1. Of all residues in region B:131-143, which are within 16 Å of the ligand (Cβ to nearest atom) and charged (D, E, K, R)?
2. Among the residues of region B:157-167, are any among the charged types (D, E, K, R), under 29 Å from B:Val286 (Cβ atoms) and surrounded by fewer than 20 Cβ atoms within 10 Å (Cβ to Cβ)?
3. Given the criteria facing another protein chain (nearest Cβ under 8 Å), over 15 Å from the mean Cα position of the chain (by Cα) and among the hydroxyl-bearing types (Ser, Thr, Tyr), does B:Thr32 qualify?
4. So, restricting to strands (runs of 3 or more DSSP E) that lie completely within region A:61-128, which ones have at least 2 residues that are more than 14 Å from chain B (Cβ to nearest Cβ) and closer than 27 Å to B:Tyr228 by Cβ?
5. Just for region B:183-212: of the residues that are away from chain A (no Cβ under 12 Å) and surrounded by fewer than 20 Cβ atoms within 10 Å (Cβ to Cβ), which one is nearest to B:Thr251 (Cα to Cα)?
6. Check region B:26-34 and report whether any residue there is among the aromatic types (Phe, Trp, Tyr), assigned by TED's automatic domain parsing to the domain that holds B:Pro260 and under 13 Å from B:Asp90 (Cβ atoms).
7. Taking the options A:Pro93, A:Pro102, name whichever one is in contact (Cβ under 8 Å) with a residue 24 or more places away in the chain and crowded, with 20+ Cβ neighbours inside 10 Å.
8. Mind telling me which of the residues A:Val146, A:Val55 ends up being modelled with pLDDT under 95, among the aliphatic types (A, V, I, L, M) and farther than 24 Å from A:Leu31 by Cβ?
Amino acid sequence: MHDKNALLKMPPFTPMLFAGFMMRPVPAFFLKPVAKRVLARMKKLYPEIFSRLAVLENTKFLITPTDLQYCFYLSVEEGQTYIDVGVNDAEHPEFQAAISGPMIDLLKLLEGRVDGDALFFSRALNIEGDTEAVLTLRNAVDSADVSLVDILGGPVPFMKPGFDKLFSKIGSFFEYLEQDFETVHRSILLPITRHMDEIDKELDKSEDRMKKMDKELVRIKASLRKKQQSNHKFVGGMQ
Amino acid sequence: MELVCPAGTPASLRAALDAGADVVYVGFRDETNARNFPGLNFSPEELEESLEKAHDMGRQVYVAINTYPQAGNLEPWYRAVDTAARIGVDAVILADIGLLDYAKRQHPELRRHLSVQASASNPEAINFYHSAFDVQRVVLPRVLTVHEIAELIKEIDVETEVFAFGGMCVMAEGRCSLSSYATGKSPNMNGVCSPASHVEYEQRRGKLVSRLGEFTINSFPNEEAAGYPTLCKGRFVGHTGEPSYLFEEPTSLNVMMLLPELIQAGVKALKIEGRQRGKAYVYQVVSGYRKAIDAAMKGEPVPLMDMGNITEGTRSTAGAYEKNWR
Ligand code: SF4
């Protein structure tokens, strides 16, 4: 359930990471009403998501955008869905399933612009815990044509065209930025990751060696026991 | 050549139609459907709406009722066939002989296709299904070469549908029980080789460790593309002592480059697998195949699309269609 690899918690080098730095002074407390408002709006716009989610009985998800310092607790309790916001390095309340990945990928997933399995295959997305619950959530969200513009656009219809334009401009700017960050990220991290891989390999080898020694020990113990038993028998036979 | 595409939700169905599917196949949200996964599938009302949309666009919808009815509990399967007939779907995809018989007797006008789960891959079996239940089309298992398919088509009186893209299976479908040993759930009854209820992923020292039930199936080093924890695609320790893929690697099926040969062989329809995948997958694969089929039908070179990111292990193969061993 828990991540045994502290290094993997290293956030990906994305524009969101910098956005996260800038948002650091904003406590999670202030984001809670925003998250709750977004959820309420989604319930209104896409009821089909929540009716599909209702099959989950009392399931809590931890959703972590790895390049932000915030995380989301999404819970389904007796057919109702709730959301809360926390901070990444805090002690989390109990959860059954965890999803983590760069914020931009999580948003693309929400809008159905990317396939969840594809993100998983390419290792951009991590899931842990109750896999069936995670897939239920993915299927439910994917059943609606979710649009962030519609969620955030609010109820003022005449503002929507302008909002749409602005949003698509921000979107494409962000995509360029993301590609640039990816390039820089690779060039900086390559030597370090190589080194880490070597260490990992060494650790694996040691683990294998330990396992072999364990097996050997079990074998030796068993043969000792056998020898002792046959000695006993022999002594018993003498009487 | 008809392009038959998957949809697990009405949104995926819309994506498939927008991307150029001729037919979308779906299933009900119950045990009659081999892809009966939580959060997925269609209620009768959703199917009715979706069918209307498809028909408005001049396209079709098939319904897969492709599990085997349980002894003493036939009702859900009969009901599914009755509902599909009432709604007016364009065909039902069935695997069970009893259910084929029921559909033929109760709804003779409802078009019947034989599911891949029936595992009919020789002329005798297919002609029997045709004469006994008036089956109009057979979905062939992914175990035949293009040449074998061409030969088969000469000896049967029904249309053939073949898998073009998606999950890669190395055995005769409908007959594999590998996952039953590990989880108690088989692809034949539960429609999946790695049931999510038994799947577990763990991050361990930069590796993604995947498990199915009690068994570790794979351990993907950092940066290596991952796959589902399917037993036939696991990395195991054989006599060499090093973990390796003993049966098959994590990979997806993709026969795009064989389209001209399949058309030549007389195949009637191409099937895309993946009702359990998201609508982004559906849109990407269907639009790629739409372009490829249109080009192949005009005799133009097939534009090969890069499907890398959506394939398992980010790799694909034409599998048995072009097998050269034997
Ligand atoms: S476990 Fe492998 S061989 Fe068996 S049905 Fe699944 S994909 Fe095919």
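1. Scanning region B:131-143 gives a single hit, B:Arg142.
2. yes
3. Here the answer is no, as B:Thr32 does not meet what is asked.
4. A:70-77
5. The qualifying residue nearest to B:Thr251 (Cα to Cα) is B:Ser186.
6. Checked region B:26-34: no residue is among the aromatic types (Phe, Trp, Tyr), assigned by TED's automatic domain parsing to the domain that holds B:Pro260 and under 13 Å from B:Asp90 (Cβ atoms).
7. Criteria check complete, one pass: A:Pro102.
8. One residue alone meets the criteria, A:Val55.
The values are calculated or read from the model by the stated rules, or taken from the named source; none is laboratory data. This structure is a prediction, so every number in the text was calculated from the model and none was measured. Using ideal geometry, Cβ is built from the backbone for each residue, glycine included, and neighbour counts are taken over all protein chains shown.
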